[in-house]
């Protein structure tokens with residue numbers, strides 16, 4: 001298999017998108033674990049038990065949501081950043097700066113077709129997540145609940161893609177694409193010598 005060299009623009013886009021996804025995953029992880037509204041409400045209730053104050057469960061949940069709101073705002077901001085990055089990612093091929101992943105290209109091996117299909121499916125899922133997220137933020141209140149249900153499924157494809165991506169990278173690194181990790185970090189040897 002031929003060695004792939006990654007341009008500076010490709011590497012920059014790759015890492016900006018990857019960092020955005022990792023930060024989004026952190027906000028999701030926090031919301032599902034430590035900053036879960038029920039956990040935060042229980043902490044508040046536990047504190048109030050030592051005082052002469054009391055709140056209803058509904059009041060505790062409202063307060064818990066207000067406490068975690070600044071963190072969740074970051075999820076929304078990162079969604080806007082990712083929307084911009086992916087819009088740019090899809091426009092760059094029009095200017096010859098990056099290539100489209102075309103699984104129908106002739107002469108592709110099974111592995112190359114699998115890679116290209118994986119990326120196309122991934123980008124389609126990301127597009128669905130971004131569109132549903134934007135509808136949640138800016139769309140009709142009637143659409144909010146069904147869009148949230150679809151949007152929340154995004155964690156499954158994202159974790160699945162990350163696992164497939166890392167497995168593929170390590171498989172390539174230790175088989176026919178030695179140096180793939182260093183090339184996506186620092187570029188090819190000819191880029192370094194420029």
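Listing for the model above:
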{"read-out": "Residue check for residue 80: part of a helix (DSSP H, G or I), under 20 Å from the mean Cα position of the chain (by Cα), at pLDDT below 95 and surrounded by 12 or more Cβ atoms within 10 Å (Cβ to Cβ)", "value": "no"}
{"read-out": "Only one of 133, 168 that is surrounded by 13 or more Cβ atoms within 10 Å (Cβ to Cβ), at pLDDT 95 or above and part of a helix (DSSP H, G or I)", "value": "133"}
{"read-out": "Filter pass, residue 132 being closer than 24 Å to residue 16 by Cα and either in contact (Cβ under 8 Å) with a residue 40 or more places away in the chain or in contact with a strand residue (DSSP E or B) (Cβ under 6 Å, 6 or more places away or on another chain) (or both)", "value": "no"}
{"read-out": "Residues of the range 52-97 satisfying the condition of being within 25 Å of residue 148 (Cβ to Cβ) and in contact (Cβ under 8 Å) with a residue 40 or more places away in the chain", "value": "71, 72, 74, 75, 76, 78, 79, 81, 82, 83, 85, 86"}
{"read-out": "Matching residues in the range 98-115 - criterion: being closer than 18 Å to residue 11 by Cβ and touching a residue at least 24 places away in the same chain (Cβ under 8 Å)", "value": "98, 115"}
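The values are calculated or read from the model by the stated rules, or taken from the named source; none is laboratory data. Being a predicted model, the structure only gives us computed values, none of them experimental. Neighbour counts run over all protein chains shown; Cβ positions are idealised from the backbone, glycine included.
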